[in-house]
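Novice: Have a look at this one before I ask anything.
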Amino acid sequence: MQWNSIQKALYGLPIPDMRYYPITGSTNEDALAWAANGALEGSLVIADQQTSGRGRQGRKWITKAGTGLAFSFIFKPKKAELNYLQLFSPIGAVAVCQAIQMDYSIKAQVKWPNDVLLDKKKVGGILAESYWLDDQVKALVLGIGINLTPESVPEQSSLRFPATCLETECQHKIDPHTFLSSICSRIFSLRPILGSIDFLRIWDDFLAFKGEGVIIETDEDIKTKGMLKGLDAEGNLILQNYNGNETIYRMGEVRLLPEP
Ligand code: BTN
C-alpha cells in the first residue's frame, strides 16, 4: 500500500481527512482515539499491517503487510441514524459484497450479521465500535478487514469457520487501492438508505444459508438448529425451528454456523 496511490484512488469521495499507517495495532483503536480528539465526520484510518486488530466477540484480526485491507471509517451518526446504529456494520458487509460482485464477477454473501463469504468461506469481517461521551454516541467507527492474498488467510486450525482470500477465489491479482475505493464509494451510497426497507432487501438478498439448515449458538452455549428464513424488518434473523415455530435472534447476541 502506498500513501500516494491511496489518495489518488480515493480522490473525489467525501472523505475530509485520512491517516495512513504502514504498521499499527488496530485501525479501530486509532479511529476511536482520533474520534475522541476531534476527527471530522467521514475521516478514514488505513493500515498496511495490523498487529493487534480486533475482531468480533473478542477475537483478533491480524493483517500481515501487503496481504489485505484494514481500514476504519469515523462516522458521526445523524439524529435519524441513532435508531439504526446496529445497521452500520451490515452496511460495511453489503458494500464489500457489492464491490466484489460488480468488480470481480464472483458471488459474495453475508453470513448474518456481517461476515463476508466467498464460496461459503470467510473473506472479510466488520467490526463497528462506538465512542461515547456521557450518555451520547459521539462517533461510530466502522472497521473493515479483508483477506486479499493467500498469505492473509489464517491457519485453518485456528479458526471455527473456513477462511479464504479474494485472489484465490477470483484467481487473479487484486489492486487493493481500486478495491478500497469501490468499497468506500458503496458505503457512501448505502448510508442514506440505512434503516429503510430498501436496505434490508439488499442485505437480505446477500444472505448466505437462506433456506438451509443452520445452528444458532448463544453466549451461554445454547445451540438451536433450524432453517434460516431471512431478516425481519429490523435486520434480526428469523430462524424456523424444526417444529415449525419461528424464533427471532438479535444482532450481537449469537453466532451462526451452517449445519454440518
Ligand atoms: C470479525 O470478523 O471478527 C471482524 C473483523 C474486523 C477487522 C477489522 S480490520 C480493520 C479494523 N480494525 C480492527 O482492529 N478491526 C477491524
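Novice: Evaluate the following for SER72: is it touching a helix residue (DSSP H, G or I) at 6+ places or on another chain (Cβ under 6 Å), buried (at least 22 other Cβ atoms within 10 Å of the Cβ), among the hydroxyl-bearing types (Ser, Thr, Tyr) and modelled with pLDDT of 95 or more?
Specialist: Details: touching a helix residue (DSSP H, G or I) at 6+ places or on another chain (Cβ under 6 Å): yes; buried (at least 22 other Cβ atoms within 10 Å of the Cβ): yes; among the hydroxyl-bearing types (Ser, Thr, Tyr): yes; modelled with pLDDT of 95 or more: yes.
When the stated conditions are applied, SER72 passes them.
Novice: For region 23-67, give me each residue that is on the phi < 0 side of the Ramachandran plot, loosely packed, with under 14 Cβ neighbours inside 10 Å and modelled with pLDDT under 95.
Specialist: Across region 23-67, the qualifying residues are ARG59, LYS60.
Residue-by-condition table, conditions (1) under 25 Å from ALA31 (Cα atoms); (2) among the β-branched types (Val, Ile, Thr); (3) more than 15 Å from the ligand (Cβ to nearest atom):
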site: VAL123; (1), (2), (3): yes, yes, no
site: GLN136; (1), (2), (3): yes, no, yes
site: ILE144; (1), (2), (3): yes, yes, no
site: THR164; (1), (2), (3): no, yes, no
site: HIS177; (1), (2), (3): yes, no, yes
site: ARG186; (1), (2), (3): yes, no, yes
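Novice: Let me ask something additional. Looking at ARG54 and the list (1) in contact with a helix residue (DSSP H, G or I) (Cβ under 8 Å, 6 or more places away or on another chain); (2) more than 21 Å from GLY125 (Cβ to Cβ); (3) of a type in the set (D, E, K, R), which single condition is not satisfied?
Specialist: Exception for ARG54: condition (2).
Novice: Does ASP30 satisfy the criteria of being within 10 Å of the ligand (Cβ to nearest atom) and touching a Ser or Thr at 6+ places or on another chain (Cβ under 9 Å)?
Specialist: On the way: within 10 Å of the ligand (Cβ to nearest atom): yes; touching a Ser or Thr at 6+ places or on another chain (Cβ under 9 Å): yes.
Yes; evaluated as a whole, the condition is true for this residue.
Novice: For region 223-238, which residues satisfy the criterion of being under 18 Å from the mean Cα position of the chain (by Cα) and aliphatic (A, V, I, L, M)?
Specialist: Residues satisfying the conditions are LEU231, LEU237.
Novice: Return yes or no: is ARG160 within 13 Å of the ligand (Cβ to nearest atom), closer than 24 Å to ASN236 by Cα and not polar (S, T, N, Q)? Step through it out loud before you land on a result.
Specialist: On the way: within 13 Å of the ligand (Cβ to nearest atom): yes; closer than 24 Å to ASN236 by Cα: yes; not polar (S, T, N, Q): yes.
Taking the combined requirement at face value, the residue satisfies it.
Novice: Give the residues of region 43-100 that are among the basic types (Lys, Arg), within 15 Å of the ligand (Cβ to nearest atom) and either in a helix (DSSP H, G or I) or under 26 Å from ALA9 (Cβ atoms) (or both), sorted by residue number.
Specialist: Kept after step one, since they are among the basic types (Lys, Arg), are these residues of region 43-100: 54, 56, 59-60, 64, 76, 78-79.
Still in the running and within 15 Å of the ligand (Cβ to nearest atom): 54, 56, 59-60, 64.
Result: ARG54, ARG56, LYS64.
The values are calculated or read from the model by the stated rules, or taken from the named source; none is laboratory data. Quick caveat, the model's predicted, so the values are computed rather than measured. Virtual Cβ from ideal backbone geometry, glycine too; neighbours counted across all protein chains shown.
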